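This report refers to the structure that appears directly beneath it.
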Amino acid sequence: MKIDFIVLLTSNDLEVVVYEGKIREKPSSKEEAQQFIKGYSGGHAATVSSVLVMNLKTGLRKGEWDKVEIYFHDIPDQVVDNLVEEGLVLNVAGGLIIEHPLILPYVKQVVGTTDSVMGLPKALTERLIVDVL
């Protein structure tokens with residue numbers, strides 16, 4: 001009996017934050033993380049992520065990018081300090097973790113999907129998988 005299967009390779013390793021026209025990757029220090037987060041206070045930023053899916057049997061590949069706009073209320077300095085001291089914001093693009101319990105109350109609006117902000121736009125990934133099958 002022969003079993004036929006398709007192997008798919010996906011990559012979504014690229015996500016950046018765009019703030020005032022500049023690309024922000026992971027902060028290089030606590031000071032930079034603090035500067036990043038204070039900058040979002042009362043303003044907005046965007047995340048841009050990309051997904052590439054390849055069917056290893058046929059060689060067909062598809063890729064796209066996804067952009068999400070995030071608008072913030074004013075973020076108190078104590079919240080910024082607590083986020084930076086905790087350290088998780090040092091490990092993510094732009095120091096931006098909108099689902100974090102400390103920052104969530106200060107997220108005014110998300111235009112797009114939270115899963116995309118977190119690094120994997122699920123609907124886009126699913127559509128690209130279907131496209132290469």
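In this structure, the residue pairs whose Cα-Cα separation is over 23 Å, taken from Lys22/Lys122; Lys26/Lys67; Lys67/Lys108, are Lys22/Lys122. Mean sequence separation of contacting Cα pairs (under 8 Å, at least six apart), scaled by the length of the chain, corresponds to a relative contact order of 31 percent. With the convex hull constructed from alpha-carbon coordinates only, the chain shows a mean projected area of 9.7 nm² over all directions.
Using a simple charge model, +1 on the beta-carbon of Lys and Arg, -1 on the beta-carbon of Asp and Glu, nothing else, what dipole does the chain show about its Cα centre, in debye to the nearest 20?
Values: 13 positive and 19 negative charges, 124 e Å.
The dipole of the chain has a size of about 600 debye.
Computed from phi, the 3J(HN,Hα) profile of the range 48-59 under the Karplus parametrisation 6.51, -1.76, 1.60 (θ = phi - 60°) reads 10, 10, 10, 9, 10, 10, 10, 7, 6, 7, 9, x Hz, with x in place of Gly and Pro. Using the Stokes-Einstein relation with a Kirkwood hydrodynamic radius computed over Cα pairs, the translational diffusion coefficient of the range 54-109 at 25 °C and a viscosity of 0.890 mPa s comes to 178 µm²/s. The mean accessible area for residues of the chain, using a 1.4 Å probe and ignoring ligands and nucleic acids, is 61 Å² per residue. Per residue, the chain reaches -7500 deg cm²/dmol at 222 nm when only DSSP H runs of four or more residues are counted, each adding -39500 (n - 2.57).
Projecting the Cα atoms of Ile98, Thr113, Leu128 onto the dipole axis of the chain, where Lys and Arg carry +1 and Asp and Glu carry -1 at the beta carbon, places Leu128 farthest toward the positive end.
The values are calculated or read from the model by the stated rules, or taken from the named source; none is laboratory data. Nothing here was measured: the structure is a model prediction, and the numbers come from that model. Glycine gets a Cβ as well: all are built from the backbone with ideal geometry, and neighbour counts include every protein chain shown. Remember, those area values only see protein heavy atoms, side chains included, never the ligands or the DNA or RNA. Shrake-Rupley method; radii C 1.70, N 1.55, O 1.52, S 1.80 Å.
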